[in-house]
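Trainee: The structure's right below; bear with me while I get my questions together.
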Amino acid sequence: MRLAGKVAVVTGGGSGFGAGIAARYVQEGARVVVADLDGAAAERVAGGLGEDAVAVQADVTRRDQVERMLGAATERFGALDILVNNAGYSHRNRPLLEVEEADYDRCFDVNVKAIYHAVQLAVPIFRKQGGGVILNTSSTAGLRPRPGLTWYNATKGAVNVLTQSMAVELAPERIRVNAICPVIGETGLLETFMGVADTPDARAKFIATIPLGRLSQPKDIAAAAVFLASDEAEFVTGVLLEVDGGRCV
């Protein structure tokens, strides 16, 4: 088991990529805090993973709730080794002038400021333990942005830069920081990203831009998340790993 003895917190763990990551982590021997704004969804995922998972309802944009979320790891499992900042939000695919300020603010709060809160609170724990892993779910949108998601693209560009900056700053303390950059995937945000109804024709247009010929799936992101969190990746930090079927080539 590649994560045996590790304790992880996965935000946005109630569905999509987060649920996939949580499940693989447990399979690989980790104990996991499944955190989600939707408490019932977090409970469903954690309940299906057995005694090695616990659910926490948390709004990652609120520092007090992030503190409670991380506290669940140390109180229930006695440690915190891996922080997966996976929770995400996007405005609907549309011209940039049509995006409301509330959506803009929500994008930056969930996609960027939430990482600020989590890192501020997790790093002191990692320091006491002599190291740790931070993994951020970014996007190909932060590497090869396209029209319609301009403000969302900007948040993922920020995630990429802060990932690399944190990696350099925290490396002397044996805290590794990496990001996964998925292409559009089969999650609850699919229609939001497409900006149209999820139909076979609509999917086909997006799939046509991906050389390997399909959308990303939670299993793809989970596999990358296992490697980056494992000791196999002990010399890997500051990486923006494209899990995109060749989309960014």
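Rule-based calculations on the coordinates, nothing more; no lab input. Computed from a predicted model, the values in this text were never measured in an experiment. Every residue, glycine as well, gets a Cβ built from its backbone with ideal geometry; the counts of neighbours run over all protein chains shown.
Trainee: For the chain, what does the equivalent ellipsoid look like in terms of its semi-axes, each the square root of 5 times an eigenvalue of the Cα gyration tensor, given largest first in whole Å?
Mentor: For the chain, the ellipsoid semi-axes come out as 28, 19, 18 Å.
Trainee: Are there any GluC sites (Glu not before Pro) in region 2-97 that are in a DSSP loop and have at most 14 other Cβ atoms within 10 Å? List them by number.
Mentor: Of the GluC sites (Glu not before Pro), not one in the loops of region 2-97 has a Cβ with at most 14 other Cβ atoms within 10 Å.
Trainee: Here is a further query. Work out the count of Lys pairs in the chain where the Cα-Cα distance is under 28 Å, with the pair 8 or more places apart or on different chains.
Mentor: Eligible lysine pairs with Cα atoms under 28 Å apart amount to 10.
Trainee: May I pose another question? Over region 15-112, what is the relative contact order in percent, taking alpha-carbon pairs closer than 8 angstrom and at least six residues apart?
Mentor: Relative contact order comes out at 21 percent.
Trainee: If we count every other residue with Cβ under 13 angstrom of A208's Cβ, Lys/Arg +1 and Asp/Glu -1, where does the sum land?
Mentor: +3
Trainee: What percent do you get for the relative contact order of region 7-243 when only Cα pairs under 8 Å and 6+ apart count?
Mentor: About 21 percent, as a whole number.
Trainee: Something else: Roughly how many Å is it from the Cα centre of region 198-234 to that of region 16-39, as a whole number?
Mentor: Result: 17 Å between the Cα centres.
Trainee: Next question, about the same structure. Check which residues have an amide H placed less than 5 Å from I134's amide H, if you skip close sequence neighbours.
Mentor: Answer set, sorted by chain and number: L83, R176, V177, N178.
Trainee: What value, in deg cm²/dmol to 500, does the helix sum -39500 (n - 2.57) over DSSP H runs of n ≥ 4 give at 222 nm once divided by the residues of the chain?
Mentor: -13000 deg cm²/dmol
Trainee: What net charge do the residues around G71 carry, taking every other residue with its C-beta under 13 Å from that of G71, with Lys and Arg at +1 and Asp and Glu at -1?
Mentor: Net of charged neighbours comes to 0.
Trainee: Now for a separate question. Taking the alpha-carbon set of region 1-116, what are its Rg and Dmax in Å?
Mentor: Reported Rg and Dmax, both Å: 14.9, 49.
Trainee: Measure nothing fancy, just the Cα-based angle from helix 16-27's long axis to the longest principal axis of the chain, in degrees from 0 to 90, nearest 10.
Mentor: Helix 16-27 sits at roughly 30 degrees to that axis.
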